[in-house]
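To start, the structure itself, in structure tokens.
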Amino acid sequence: MESSLSNLLSISIDFGTSHLFFPTIIHWIMAVLFAIILATKLVPFMAAVKRGERALPIVGEPMDGLRFFGTLALLVVYFYLMAVVGDMFPYTGYGFLFVSIPFVFLMSMMYLHEWTKKAVVIVLINAITAPSLAWFILAKLFNITLP
């Protein structure tokens, strides 16, 4: 009786796979939430499309090719340069910092509708502040290795 109770209260941890415990739980929670969203939003929307009350938002609308392909190109260049610059300054996070500032600036400028002096200054301040703050918090406060 005592051995079965002690087996019930003992904990053994497999450190080779223990890091996968919480991500697995989060994945299942996200999958359930996604299914709930599909059931509550997509099914009624598709029923309205079938009845002719609504239209699919993608079909028949013009595409902003500059922003679409510009975003794809900037993302590819961003990840490539982050590795290249990160290799120049290993384990410092400067690859993230030095590449994220121009990336945020260029993405913001690409999606900015009115290029006023005030808007460009706000974009510039945001492009410097946001990556710098993220770099400081992650790399310096929490000692998380960034590229």
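How many percent of the alpha carbon pairs in the range 17-61 exceed a separation of 15 Å?
Above the 15 Å cut-off, the range 17-61 has 62 percent of its Cα pairs.
Taking θ = phi - 60°, what integer Hz values does the Karplus form 6.51 cos²θ - 1.76 cosθ + 1.60 yield along the range 33-50, in sequence order, with x for Gly and Pro?
Couplings: 5, 4, 5, 5, 5, 4, 5, 8, 10, 6, 4, x, 5, 5, 5, 5, 5, 5 Hz.
With +1 assigned to the C-beta of every Lys and Arg and -1 to the C-beta of every Asp and Glu, and no other charges, what is the dipole magnitude of the range 1-129 about the Cα centre in debye, to the nearest 20?
600
Tell me, what HN-Hα J-couplings in whole Hz come from the Karplus equation 6.51 cos²θ - 1.76 cosθ + 1.60 at θ = phi - 60° for each residue of the range 138-147, using x for Gly and Pro?
Using θ = phi - 60°, the values come out as 6, 7, 9, 6, 9, 6, 8, 6, 10, x Hz.
Rg to Rh ratio, the chain, alpha-carbon atoms and Kirkwood radius? If you can, show how the numbers build up before the last one.
Working: Rg = 24.0 Å, Rh = 20.6 Å.
Computed over Cα atoms, the ratio is 1.16.
Given the DSSP H assignment, sum -39500 (n - 2.57) over each helix run of at least 4 residues in the chain and divide by its residue total; what's the result at 222 nm in deg cm²/dmol, nearest 500? Mind showing how you got there, number by number?
Working: 6 runs with 95 residues, N = 147.
It comes out at -21500 deg cm²/dmol, rounded to the nearest 500.
Once phi is turned into θ = phi - 60°, what whole-Hz ³J(HN,Hα) does the Karplus curve with 6.51, -1.76 and 1.60 give for every residue of the range 97-112, x standing for Gly and Pro?
Once θ is set to phi - 60°, the couplings for the range 97-112 become 5, 5, 8, 5, 4, x, 4, 5, 5, 5, 5, 5, 5, 5, 9, 6 Hz.
Filter the chymotrypsin sites (Phe, Trp or Tyr not before Pro) in the range 74-143 down to the DSSP loop ones having no more than 11 other Cβ atoms within 10 Å, then list what survives.
Tyr91, Trp115, Phe142
Name the shape class, rounded, prolate or oblate, that the alpha-carbon gyration tensor gives for the range 65-141, where a ≥ b ≥ c are the square roots of its eigenvalues, rounded holds for a/c under 1.5, and otherwise prolate holds if a/b is larger than b/c and oblate otherwise.
Values: a/c = 3.20, a/b = 1.41, b/c = 2.26.
It is oblate, given that a/c is not under 1.5 and a/b is not larger than b/c.
For the range 49-147, which trypsin sites (Lys or Arg not before Pro) pass both filters: DSSP loop (anything but H, G, I, E, B) and at most 15 other C-beta atoms within 10 Å?
Arg54
Rule-based calculations on the coordinates, nothing more; no lab input. Keep in mind that what you see is a predicted model, and the values were worked out from it rather than measured. No Cβ is skipped: glycine too gets one built from the backbone with ideal geometry, and neighbour counts run over all protein chains shown.
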